[in-house]
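Shown next, in structure tokens, is the structure this report addresses.
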Amino acid sequence: MVQAMRTLMSAAIVVALAGSAYGQTGIPMGIPLEPGGKAEPPPDPVKENEYRSTLHGLPNQKPADPWGSVRNPPAPAAKKAPAAPAKTTTGTAAKKAAPKDASAGAPKDAAATKKTN
């Protein structure tokens, strides 16, 4: 009697597991797609116009924020100090601050830069 119950229980477990495994197979559901399927009929222009006018008549909804009451309010933005006016240099100070020409220290002859072994 115990042996028959164990056999029956193990068979029930196998059937339960096989059913869930069968459900994971790639069986196509719904309407099967055909390679040369029928083309959709064009939409009725009267119904299309009614649909569009109904959409335009709907009020705009506020964006939903379900966690709005939980969040902390945003921190106020820090005030920026007004920028100081840029100082300009004139005369000889401007000439001294000007960058030097990069070619001033370069050798004029390319052969002078080659190393000989």
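The values are calculated or read from the model by the stated rules, or taken from the named source; none is laboratory data. All values reported here derive from a predicted model rather than from experimental measurement. Glycine also receives a Cβ, built like all others from the backbone with ideal geometry; neighbour counts cover every protein chain displayed.
Checking every residue in region 80-92 against the condition of being surrounded by 10 or more Cβ atoms within 10 Å (Cβ to Cβ), modelled with pLDDT under 85 and in a loop (DSSP other than H, G, I, E, B) gives at least one match. If only residues of region 32-52 that are over 35 Å from the mean Cα position of the chain (by Cα) and surrounded by fewer than 10 Cβ atoms within 10 Å (Cβ to Cβ) are counted, the one that is modelled with the lowest pLDDT is 36. The criterion of being modelled with pLDDT of 75 or more, assigned to a loop (DSSP other than H, G, I, E, B) and either touching a His at 6+ places or on another chain (Cβ under 9 Å) or of a type in the set (Ser, Thr, Tyr) (or both) does not hold for residue 10.
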